[in-house]
Amino acid sequence: MAELLPCPFCGSSSVGLVDKKDTQGRPTYTIICVHWGASINNYSTPQYAKKKWNTRTPKERGVDNG
């Protein structure tokens, strides 16, 4: 599986994958930054959650590069 990139908000490497169940008992995966609290939620596989975390655009990250 791909490594998680640092948090795009604070640069912390304290990010991790959390697995849980949705209301119908299906597994869901969330990536969260322990330091900043940024997260992406409820993806169906850990691989897809990691891909989404690692490929967010600056706008999705809430960063104004202008």
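The values are calculated or read from the model by the stated rules, or taken from the named source; none is laboratory data. If you're wondering where the values come from, they're calculated on a predicted model, not measured in any experiment. Every residue, glycine among them, receives a Cβ derived from its backbone with ideal geometry; neighbour counts consider all protein chains shown. Heads up: the accessible areas ignore ligands, DNA and RNA and are worked out on the full protein's heavy atoms, side chains in. Shrake-Rupley method; radii C 1.70, N 1.55, O 1.52, S 1.80 Å.
Within the range 18-34, if we keep just the residues that are in contact (Cβ under 8 Å) with a residue 12 or more places away in the chain and open to solvent by 70 Å² or more (accessible area, probe 1.4 Å), the residue that is farthest from Lys52 (Cα to Cα) turns out to be Arg26. Selection within the range 41-66: residues that are at pLDDT 90 or above and under 14 Å from Leu5 (Cβ atoms). The member of this set that is most open to solvent (accessible area, probe 1.4 Å) is Lys51.
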